[in-house]
1. State all residues of the range A:1-19 that are surrounded by 13 or more Cβ atoms within 10 Å (Cβ to Cβ) and more than 14 Å from every other protein chain (Cβ to nearest Cβ); if no residue qualifies, say none.
2. Looking only at the range B:44-54, which residues are surrounded by 15 or more Cβ atoms within 10 Å (Cβ to Cβ) and within 12 Å of chain A (Cβ to nearest Cβ)?
3. What is the residue count in the range A:1-49 for residues that are among the aromatic types (Phe, Trp, Tyr) and modelled with pLDDT of 95 or more?
4. From the list A:90, A:63, which residue is modelled with pLDDT under 95, under 13 Å from the mean Cα position of the chain (by Cα) and within 15 Å of residue A:105 (Cα to Cα)?
5. Looking only at the range A:55-101, filter to residues that are within 14 Å of chain B (Cβ to nearest Cβ) and out of contact with any Ser or Thr (no Cβ under 9 Å at 6 or more places or on another chain); which one of those is surrounded by the fewest Cβ atoms within 10 Å (Cβ to Cβ)?
6. Of all residues in the range B:62-93, count the ones that are part of a strand (DSSP E or B) and of a type in the set (S, T, N, Q).
7. Identify the single condition in (1) closer than 15 Å to residue B:26 by Cα; (2) small (Gly, Ala, Ser); (3) touching a Ser or Thr at 6+ places or on another chain (Cβ under 8 Å); (4) touching a residue at least 24 places away in the same chain (Cβ under 8 Å) that residue B:92 does not satisfy, given that it satisfies every other one.
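The values are calculated or read from the model by the stated rules, or taken from the named source; none is laboratory data. Predicted model, so just to flag it, every value in this text is computed and none were measured. Cβ placement follows ideal geometry from the backbone for every residue including glycine, while neighbour counts extend to all protein chains displayed.
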Amino acid sequence: GQQLNQSPQSMFIQEGEDVSMNCTSSSIFNTWLWYKQDPGEGPVLLIALYKAGELTSNGRLTAQFGTTRKDSFLNISASIPSDVGIYFCAGLNTGGFKTIFGAGTRLFVKA
Amino acid sequence: DAGITQSPRYKITETGRQVTLMCHQTWSHSYMFWYRQDLGHGLRLIYYSAAADITDKGEVPDGYVVSRSKTENFPLTLESATRSQTSVYFCATSLPSGTYEQYFGPGTRLTVT
């Protein structure tokens, strides 16, 4: 089946640093989503991307839909302690609701 | 407005027992989903439902049964629990059009001994 490779698996950074993570697939997706999960809670949508090459921001977060439609990237600028959590990428194709999730990137921020 | 609730939040059961995890939503969203979350695998789709009485398999449906007689409820049943079904289970909902955003419940942590 379809799989998403998300990297890195974990990151340990200092408060104020910028963060980059990415997600790649062997298959094409028409929609890429980025979620964040706080400990003990369900994931919450951060950014949705619907078009190849699209660059979308949400506050300090910026995500891009790769031009090949097989990858996506998430950047966090000037990280703060509340950025701690697991970040998931997810891909799906329009017309269907079967969403494929990456394994997640665990982010640790040291104050 | 409660949104999505899952019950129980924690459950310990024995191998071979039947277990039902409940999911209830107050938004009247058409789509509902069940995922399991395991370390190293992220979230994997078990079953989903487009509307009442319409369900379909996801990526890992074996060993699970779902039903949806009412729009607001989507129970997940493990007919004969196995240790490999120890996991955190998330229910989610989505509107039928446009954004594909899914709204997740708080999760149920299930341990099968």
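1. Scanning the range A:1-19 gives A:11, A:13, A:17, A:19.
2. B:44, B:45, B:46, B:47, B:48, B:49, B:50 - these are the residues of the range B:44-54 that are surrounded by 15 or more Cβ atoms within 10 Å (Cβ to Cβ) and within 12 Å of chain A (Cβ to nearest Cβ).
3. Counting residues in the range A:1-49 that are among the aromatic types (Phe, Trp, Tyr) and modelled with pLDDT of 95 or more gives 3.
4. A:90
5. Out of the qualifying residues, it is A:95.
6. Result for the range B:62-93: 4.
7. The single condition residue B:92 does not satisfy is (3).
Every residue, every condition in (1) of a type in the set (Asp, Glu); (2) closer than 24 Å to residue A:87 by Cβ, yes or no:
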residue	(1), (2)
B:14	yes, no
B:27	no, no
B:40	no, yes
B:58	no, yes
